[in-house]
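Input: a single structure, listed below in C-alpha cells.
Each value in this text was obtained by applying a stated rule to the coordinates, not by laboratory testing. If you're wondering where the values come from, they're calculated on a predicted model, not measured in any experiment. Cβ atoms come from the backbone with ideal geometry, glycine included; neighbour counts cover every protein chain shown.
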Amino acid sequence: MSDPVIVEVVIAAPIETVWRALRDRAEIRRWFGWEYEDFEAEIRFIFEEASTADDEAHVLDGGPGGTIALEARGDQTVVRVTRAAPAGSWDGIYDEVNEGWLTFIQQLRFYLERHPGQDRRTLHVPASGEEWFRTENQVGTVREDGALVIRTRERVIVSEYD
C-alpha cells in the first residue's frame, strides 16, 4: 500500500524549474520554511542529508519524513507530498509536519508563480498568547510583548503600542 498524499498542488512552472527549486540551496531559501537561527542547518538536513534525490524521476525521498514527487503536465507541474500515516490514514489527525508541508508547498508555488528568482524575508507573528476574544471568523490574542494580534480569514492585524 502506498503512503497517502497529504499535499497535492499544481504549480504553473515547468518540472525542471520546480525540481531546481527543490534541489538548489539558494532556491530553497527563497520559499522553504522561515528565517531563524538554524535555518541553513534545517535545509541541509531535510533536502540533502535525510533525503535521496532521483533526478530522472523527479522524486525526493525523505524516508519517514515523507516523499516529494513531481509530475509534468505541459508547462505546469503537480507536486505531491506523501507520508506514512498512523493506522493507514490521516483522517481526523492533526499533524504539525503535515501542516508544515502544506504551508511550504504553497510557499513554493507562490515563489515560482509570483516571485521567481527573488529573495524573501519572513515576518513572524506569534500564534501564542492570551486569548482576548474569539468569534466564528476571528480570533484575537495578546502576545507576551503586549501587542494584540487579530486573525481573520482575510488578514492578520497587529496592534502594537510603545
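Points worth noting:
- Mean Cα-pair separation over length for the range 61-138, i.e. relative contact order, pairs under 8 Å, 6 or more apart, %: 16 percent
- Percent of alpha-carbon pairs separated by more than 14 Å within the range 1-46: 61 percent
- For the chain, relative contact order (Cα pairs under 8 Å, six or more residues apart, normalised by length) works out to 25 percent.
- Extended-chain gain in nm, criterion 0.36 nm per residue less alpha-carbon gap, Val97 and Arg73: 5.9 nm
- Sites listed here are GluC sites (Glu not before Pro) in the range 42-96 whose DSSP assignment is loop and whose Cβ has at most 14 other Cβ atoms within 10 Å: Glu56.
- Global size of the chain: 18.0, 57 Å for Rg and Dmax (C-alpha atoms, Rg to one decimal, Dmax whole).
- Relative to the longest principal axis of the Cα atoms of the chain, the long axis of helix 96-114 makes an angle of roughly 80 degrees.
- Within the shell of other residues whose beta carbon sits under 12 angstrom from the beta carbon of Arg29, the net charge comes to -1, with Lys and Arg scored +1 and Asp and Glu -1.
- When chymotrypsin sites (Phe, Trp or Tyr not before Pro) are flagged only if DSSP places them in a loop and at most 12 other Cβ atoms lie within 10 Å, the longest unflagged stretch of the chain comes out as 95-160.
- Enclosing the Cα atoms of the range 1-88 in their convex hull gives a volume equal to 106 cubic angstrom per residue.
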